[in-house]
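Participant: Starting off with a structure, shown below.
The values are calculated or read from the model by the stated rules, or taken from the named source; none is laboratory data. Only a predicted model underlies this, so the values are computations on that prediction, with no experimental measurement involved. FYI the Cβ positions are ideal-geometry reconstructions off the backbone, even for glycines, and counts take in every protein chain you see. Quick note on the areas: whole protein, heavy atoms, side chains included, nothing else; ligands and nucleic acids left out. Shrake-Rupley method; radii C 1.70, N 1.55, O 1.52, S 1.80 Å.
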Amino acid sequence: MKKEEVIEKVAILLKEIPTSMEIVKDDSKKDQRFHYLATHMVEKAIEKDALIISENQKGIAILFKTSKKDENFWQELPTQIGLLKNVTGFKNAMKILKSQSYIKNQRPKEGEYLYCWFWGILADARGADTQTGKEMKDEFYRRAEKFKLPLYAETRMRQNAIVYQRFGFELFHKWNHPSGDTMYFLRYIPKSLKEQSS
């Protein structure tokens with residue numbers, strides 16, 4: 001699949017996610033803003049070898065191998081300014097930063113981990129029992145086992161939190177998000193790590 005096609009599909013999926021709908025400035029350029037955000041995400045995923053695409057090309061995920069020390073504000077600054085200008089607008093920025101700070105604090109303070117930054121399946125291939133969902137879940141677990149790292153994710157969509165748990169993630173924290181939604185924090189510990197600690 002060409003990069004532009006992946007970006008188009010990510011832009012479609014972003015329009016259904018509460019967090020991205022909230023951060024993208026609601027004006028006449030809304031579609032362009034979603035496209036800019038999708039482009040930023042896909043390019044970052046390619047650069048970090050974090051892009052996962054299902055066989056039928058209807059499921060897309062971004063799964064980073066990261067750690068607390070990877071967060072470098074100055075390195076990210078040019079990107080952040082671009083996002084401010086082209087996606088969020090300056091008004092939204094403080095609210096977003098506050099939420100992001102709380103969300104990041106729920107992740108490990110030490111050591112590496114896998115982080116599911118994005119996971120979406122196009123409408124016609126959805127459902128916990130579809131091949132696309134299972135295939136992507138298996139790839140997440142394969143990477144967690146390969147790197148022997150825990151896998152973290154969060155969502156404000158209750159249905160998604162249920163699907164994650166059905167797939168073997170544990171719900172370890174809930175947060176009353178400033179929007180009024182509940183945010184669900186989930187993690188998956190690979191078998192090899194559980195065996196090490198027992």
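Participant: With a point put 7 Å past each Cα toward its Cβ, work out how far R126 is from Q100 in nm, to one decimal.
Facilitator: 2.7
Participant: Also, quick follow-up: Before I look further, what does the chain give for accessible area per residue, probe 1.4 Å, in whole square angstrom?
Facilitator: Values: 11460 Å² over 198 residues.
On a per-residue basis, 58 Å².
Participant: Please report, in debye to the nearest 20, how large the charge dipole of the chain is about its Cα centre when each Lys and Arg carries +1 at its beta carbon and each Asp and Glu carries -1 there.
Facilitator: On the way: 35 positive and 27 negative charges, 99 e Å.
Roughly 480 debye for the chain.
Participant: Further, regarding this structure: To the nearest 10 degrees, how steep is helix 131-147 against the longest Cα principal axis of the chain, on a 0 to 90 scale?
Facilitator: Taking Cα atoms only, the helix is inclined about 70 degrees.
Participant: Tell me whether region 125-171 comes out rounded, prolate or oblate; compute the Cα gyration tensor, take square roots of the eigenvalues as a ≥ b ≥ c, and use a/c under 1.5 as the rounded threshold. Don't skip to the answer; put the middle values down first.
Facilitator: Working: a/c = 2.52, a/b = 1.26, b/c = 1.99.
Verdict is oblate for region 125-171.
Participant: Tell me the angle of helix 73-83 to the major Cα principal axis of the chain, expressed in degrees between 0 and 90 and rounded to the nearest ten.
Facilitator: Long axis of 73-83 versus the principal axis of the chain: about 50 degrees.
Participant: Please report the relative contact order for the chain, taking Cα pairs under 8 Å with a sequence separation of at least 6, and give it as a percent rounded to a whole number.
Facilitator: Details: 255 pairs, mean separation 38.6, N = 198.
Value for the chain: 19 percent.
Participant: Here's a follow-up. Quick one: helix 3-14 against the long Cα principal axis of the chain, what's the angle to the nearest 10°, folded into 0 to 90?
Facilitator: 90
Participant: For the chain, what is the Kirkwood hydrodynamic radius in Å, using each pair of distinct C-alpha atoms?
Facilitator: Details: mean 1/r = 0.0568 Å⁻¹.
After inverting the pairwise mean of 1/r, the radius is 17.6 Å.
Participant: Contour minus end-to-end for W117 and K91, with contour as 0.36 nm per residue of separation and end-to-end as the Cα-Cα distance?
Facilitator: 7.0 nm
Participant: Between beta-carbons, use under 13 Å as the cut-off and find the net charge around P18, counting Lys and Arg +1, Asp and Glu -1.
Facilitator: Local net charge: -1.
Participant: Can you compute the helix-only [θ] at 222 nm over the chain? Use -39500 (n - 2.57) per DSSP H run of at least 4 residues, normalise by all residues, nearest 500 deg cm²/dmol. Mind dumping the intermediate values first?
Facilitator: Values: 8 runs with 95 residues, N = 198.
It comes out at -15000 deg cm²/dmol, rounded to the nearest 500.
Participant: Okay, moving on. Longer than 22 Å from Cα to Cα, which of K58/K104; K3/K25; K9/K30; K9/K98; K29/K104 are they? Say none if no pair is.
Facilitator: Values: K58/K104 28 Å; K3/K25 24 Å; K9/K30 16 Å; K9/K98 29 Å; K29/K104 29 Å.
Distance filter (> 22 Å) returns K58/K104; K3/K25; K9/K98; K29/K104.
Participant: Here is a follow-up. Please compute the modelled spin-label separation between K134 and K44, points set 7 Å along Cα→Cβ, answer in nm with one decimal.
Facilitator: 3.3
Participant: Same structure again: Where in the chain lies the longest segment free of trypsin sites (Lys or Arg not before Pro) that are both loop residues by DSSP (not H, G, I, E, B) and have at most 10 other Cβ atoms within 10 Å? Display every interim value, and only then the final one.
Facilitator: Values: sites that count: K2, K109.
Longest stretch, sites excluded: 3-108.
Participant: Would you please give the FRET efficiency between K25 and E170, computed as 1/(1 + (r/R0)^6) with r the Cβ-Cβ distance and R0 = 45 Å, to the nearest 0.05? Write out the running numbers ahead of the final one.
Facilitator: On the way: r = 35 Å, r/R0 = 0.79.
E(calc), rounded to 0.05, equals 0.80.
Participant: Count the net charge of all other residues whose Cβ sits under 11 Å from the Cβ of Y164, scoring Lys and Arg as +1 and Asp and Glu as -1.
Facilitator: Values: positive: K137, R158, R166, R187; negative: E154, E170.
So the environment of Y164 carries a net charge of +2.
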